[in-house]
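The values are calculated or read from the model by the stated rules, or taken from the named source; none is laboratory data. Just so it is clear, the model here is predicted, and its values are computed rather than measured. Every residue, glycine as well, gets a Cβ built from its backbone with ideal geometry; the counts of neighbours run over all protein chains shown. Ligands, DNA and RNA are stripped out before the accessible areas are found, and what is left, the full protein with its side chains, is counted by its heavy atoms. Shrake-Rupley method; radii C 1.70, N 1.55, O 1.52, S 1.80 Å.
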Amino acid sequence: MTVGALATNGPLLLIVGHGTRDASGVAQFRQLIGLVRDRSAGWLPGVDGGFIELAAPPVGEVVTRLAGARLAEGGAELVAVPLVLSAAGHGKGDIPAALAREQVRHPGLRYRYGRPLGPHPVLLDVLEARIDAALAPEARGVDGRGAEAQGAERRGAGTRDLAAWAARARAGTHVVLVGRGSTDPDGNAEVAKVARLLWEGRGYADVTLSFISLTGPSVPAALDQARRLGAERIVVAPYFLFAGVLPDRVAAQAGAFAERHREIDVRVAGLIGACDELAGLVLERYAEALHGDIRMNCDTCAYRIAMPGFADKVGQAQTPHHHPHDVAAGHGHL
C-alpha cells in the first residue's frame, strides 16, 4: 500500500528528534516537518514533531498538541518515527522510554514505532549528491583554496562530457564518512555499512569510516589514513541530518588537518538537511509501521546479546531523558 492511500482518519504522525542547542538545527527540523505536512496533505490526519532533550518542544508537549482532541474523546493512535540514522541508544531506548511515559500520562494513547532512517538507498543518494556538490569546481576547500584547473576543464566541457568529468573527479577523491558515534556497537556497525555501500559502484578512490564522538576511528585518524594512502583530494562527508555542535566539530577538525597539509585539497560536504528525499523517507517509515514488515536487527543488539565489552547492557532498563522544557516530566528519569 502506498502512503498516499492511507485514510485521513488513520494514526497521527509524530516525528521524534534527539534535539540540539543549535538554533539552525532546530529550524531545519521544523522545516522537515513542514515538508512532510505538504507531502501528506489530504491523506494524513496530523503531523508534528518534538525532541527528547536539549531543545523545545519536548515530546510530551507535542503529543498533547497533536493528539489532545482525540484523547479527549477516549483514545488516540499515532505512529512515532525516530528521526535517527542508526539503531543506537536513542532509537532503541530513549525515544521508546519517552513514549512509554506519555502512555502513563495518557492512558488512551496507543502508538506504533517506526524504524530508524538508515541505512537506506535514499540517504546514500543524498550523500552522493552532497559529495558531488563539494567536488564542483566552484566549491572551495576548507583551507580557502579552489580547484581552478578542474574548474576550467569543466567549464569548457559540453553536457555530454560532464558525466566523464564527474567520473574522473570521483576517481581522484578519497571520502571520509563521519558518523556521530555511539556506545552501541550495532549502531556503529550500521554506519560502517553506509561507508561500504557508499563506496560500492560510485567510483571513489576510497571511503574511510570515522566517528566524531564516543568511539573510533576518529576524524583526524581517518584523514591521516587517507593522506598516507596518497590522497590529493579528500571530501569529508558528515553523516548527519541537521546542523549542530558535532557537525561543527567535524568541519573544525577537517580545517585543522587542511592547515597542516596544504598540499591536499580538503573539502567538507553538506549535511543531509531538510530535503524532499528525507521527507519521503519519513513517510515511508510511517506506512511501513502500519502495513509493512518492520525488521529490526536484534542479532547484534547490545541490550539482548552479551557482546565483548558491552555485557553490562543486556537487559538494561530504558529510561527517558529529563527534558527541562517539559514541566510534566519532573526533575529526573522515570
Förster radius 30 Å - calculated FRET efficiency between GLU77 and GLN31 (Cβ-Cβ, nearest 0.05)
0.70
State in Å² the accessible area per residue of region 3-92; use a 1.4 Å probe, count heavy atoms of protein chains only, and round to the nearest integer.
36 Å²
Let me know the shape class of region 181-267, please: from the alpha-carbon gyration tensor, a ≥ b ≥ c as square roots of the eigenvalues, rounded when a/c is under 1.5, otherwise prolate if a/b is greater than b/c, or oblate.
oblate
The percentage of the accessible area of region 200-277 (probe 1.4 Å, all protein chains present) made up of carbon and sulfur atoms, to the nearest whole number, is 49 percent
Considering only protein heavy atoms, what is the solvent-accessible area of ARG227 at a probe of 1.4 Å, reported in Å² to the nearest 10?
80 Å²
Share of carbon and sulfur in the accessible heavy-atom surface of region 6-125 [1.4 Å probe, %]:
52 percent
